[in-house]
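Notes follow the structure.
All of the numbers you see were taken from the coordinates with simple rules; none came from a lab. Note that the structure is a prediction, hence the values are computed from the model and not measured. Don't worry about glycine lacking a Cβ; one is built from the backbone with ideal geometry, like all the others, and counts go over all protein chains shown.
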Amino acid sequence: MAGAYDVIIVGAGSAGATLAARLTEDARRSVLVLEAGPGGPVGGDDDQLANVSFALTARDWGMRASVAPGREVDYPQGRYVGGGSSVNGALAFRGTPSDYDAWGERNPSWSWAQLLPCFKRLERDVDFGAEEVHGDAGPVPIVRWPEGELVPLQQAFRRGCESVGFGWCADMNAPGTRGVGPFPMNRDGGWRVSTAMAYLEPARQRENLTVRAGTMVRRVVVSSGHARGVEVTGPDGAEVIEGGLVVLCAGAIHTPALLWRSGIGPAGALRALGIDVLVDNPAVGRGLTDHPGAFVFARPAGDPGAVDPQYQLGVRYSSSTGVPDDMFLSMMNVFDLAAMPDLRAAVGAPTAVVLTCGVHEPRSRGSVTLTSADPAAAPRIELNLLADPEDTVRLVEGVRRCRDVLRAGLAGFTDGTALLRDEDFGDDAAVSGYVTSVVAPWYHASCTCRMGPSSDEGTVVGDQLDVHGVAGLRIADASVMPEVCRAPTNLTTIAIAERAATLLSP
């Protein structure tokens, strides 16, 4: 083995970049970060939010996912330093306190009381500063659009929301708040601030930090039940790198795939792929969760021209059949349909105003599995977004809410809906069929290596993020969530890494 490090971190994404920066604050600890994608540059044109091309080809794994049997969609995931935080829409939402308290019921280190300091530590809240629930000295700027900077379409969206009963909410990250309000965003002006920019770049000059990009980790090397390092393929070919501790931060798709290739997973499936079984754990890769969403397309009234920014406001609210704060609603001002000729023809216009709704507490579950032991072969991603009928019921209600907002506030900006006629909205079967045809993931993959006691069926890591059955191996990314949080997942993933840094420090 060559090049021993105290800690090897696999993945320089939202979690990995954060964890590396925090761990190397201790100059006595040597840390190696391995990133499959490019290592930079960061802060260039691709980090502008105005293009609304969240997952750029050069930063994407190019994977596909099954939404339902017989229907596949592109499934963008960041393959670049900063990971998902380098390709997403810069939405910086927290989950609800009850999300994390539910985690803490079986994982006492992960309750809201434990995670609130992590959220405060990571953020520099430009609007609210240091207070009971916010921080003002963290590396990630959190900003919201001032009311005076809302573009006319978003002002109309707000009026529509308030007309149908959604109250104004100035801080959507404060516990217990809901209604319509400005997105909290990790941005600086029109730029997305990734963890590569906020955490990793300021730490790059530390002598105890090494970052190797363009390096694919094939497997974790385990000997006598202890992780000893990783086998990688990079610019210099194949090698094994030794480490005192290996931490997987490859995300909810690639972390379980890496465990499978390392012999940790369902024994029968591993043997079928010719992989020696080290730990038989059927839970690895199971429980894949994403937030399902649906759309209401409206034809613009006239030429809307360029509208920047494209999105500023959203709504957190409760469905009539689910738990509190289980739904989300927002609007994209002008969606260019040039690259989707079939949809353009169906809408009857070159652009559309798009209202979106999503279920933030989904019941449906999917899986991540391997079809080959070759790390170059993409994992099979089965989302099963509407496997639980309750998710369809709530999206049907959400589509109707979108239509209500559209009618109440945007009549002067739009010229009717597309794909659904006015009379269709009152027909349960019509709206349900529509939802089934357009449902899409929000790219918030999570829960594939769930946290919990080893005695609990369906768990992969314990309260300290240690992989069941293997010493010296931890996981610190969105895969460990016991249940997905009721919010976009990026900020919670960063908080997981902040918490992991505390747990891994003496």
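Brief remarks follow.
- Added length on full extension, which subtracts the Cα-Cα distance from 0.36 nm per residue, ALA267 to ALA411: 46.1 nm
- Per the Cα gyration tensor, segment 112-212 maps to an equivalent ellipsoid with semi-axes of 32, 17, 10 Å, ordered largest to smallest.
- Quotient of Cα Rg and 2.2 N^0.38 Å for segment 99-156, N being how many residues it contains: 1.51
- Relative contact order [Cα under 8 Å, 6+ residues apart], segment 381-501, whole percent: 18
- Residue-by-residue Karplus 3J(HN,Hα) for segment 311-323, coefficients 6.51, -1.76, 1.60, Hz, glycine and proline x: 8, 9, 10, x, 10, 9, 8, 10, 6, 7, 10, x, 8
- Mean sequence separation of contacting Cα pairs (under 8 Å, at least six apart), scaled by the length of the chain, corresponds to a relative contact order of 21 percent.
- In a simple Cβ point-charge model (Lys, Arg +1; Asp, Glu -1; nothing else charged), segment 1-160 has a dipole of about 320 debye relative to its Cα centre.
- Ranking THR369, GLY135, TYR80 by Cα position along the charge dipole of the chain, where only Lys, Arg, Asp and Glu carry charges on their C-beta atoms, puts THR369 farthest toward the positive end.
- By the Kirkwood approach, averaging reciprocal distances over each pair of separate Cα atoms, segment 287-337 gets a hydrodynamic radius of 13.7 Å.
- At 0.692 mPa s and 37 °C, Stokes diffusion of segment 341-487 via Kirkwood alpha-carbon radius, µm² per second: 178
- Radius ratio Rg over Rh of segment 349-401, counting only Cα atoms, Kirkwood formula for Rh: 1.18
- Convex hull of Cα atoms in segment 72-132, direction-averaged projection (nm²): 6.6
- As a proxy for reagent exposure, MET340, MET332 were ordered by neighbouring Cβ count within 10 angstrom, fewest first; the result is MET340, MET332.
- Ranked VAL33, VAL133, criterion: other C-beta atoms within 10 Å, fewest first: VAL133, VAL33
- Here the chain is assigned +1 on the Cβ of each Lys and Arg and -1 on the Cβ of each Asp and Glu. Its dipole about the Cα centre then comes out at about 520 debye.
- Relative contact order, percent, segment 435-479 [alpha-carbon distance under 8 Å, six or more residues apart]: 29
- Taking other C-beta atoms within 10 angstrom as a stand-in for reagent exposure, GLU131, GLU423, GLU239 fall in the order GLU423, GLU131, GLU239, fewest first.
- Principal axis extents of the Cα atoms in segment 36-113, from largest to smallest and rounded to whole angstrom, are 41, 39, 26.
- Total charge dipole magnitude, segment 81-196, about the Cα centre, Cβ charges on Lys, Arg, Asp, Glu only, Debye to nearest 20: 320
- Dipole of the chain computed with +1 at Lys/Arg Cβ and -1 at Asp/Glu Cβ about the Cα centre; of LEU288, VAL438, ASN490, farthest Cα towards the positive end is LEU288.
- Volume per residue of the convex hull around the Cα atoms, evaluated for segment 209-289, comes out as 111 Å³.
- Extension gain, LEU419 back to ALA301 (0.36 nm per residue minus Cα-Cα distance, nm): 40.8 nm
- Legend: P(r) of the chain from all alpha carbon pair distances, 20 Å bins from 0, whole percents, reading 24, 57, 19, 0.
- Restricted to Cα atoms, segment 406-478 shows a radius of gyration and a Dmax of 22.6, 62 angstrom.
- Positive-end residue, segment 89-235 charge dipole about Cα centroid, Cβ charges, pick of PRO182, THR210, VAL221: VAL221
- Over all pairs of different C-alpha atoms in segment 312-423, the reciprocal of the mean inverse distance, the Kirkwood hydrodynamic radius, equals 16.5 Å.
- Residues whose amide H lies under 5 Å from that of GLY40, counting only those 5 or more places away or on a different chain, are VAL81; hydrogens are built 1.01 Å from N in the peptide plane.
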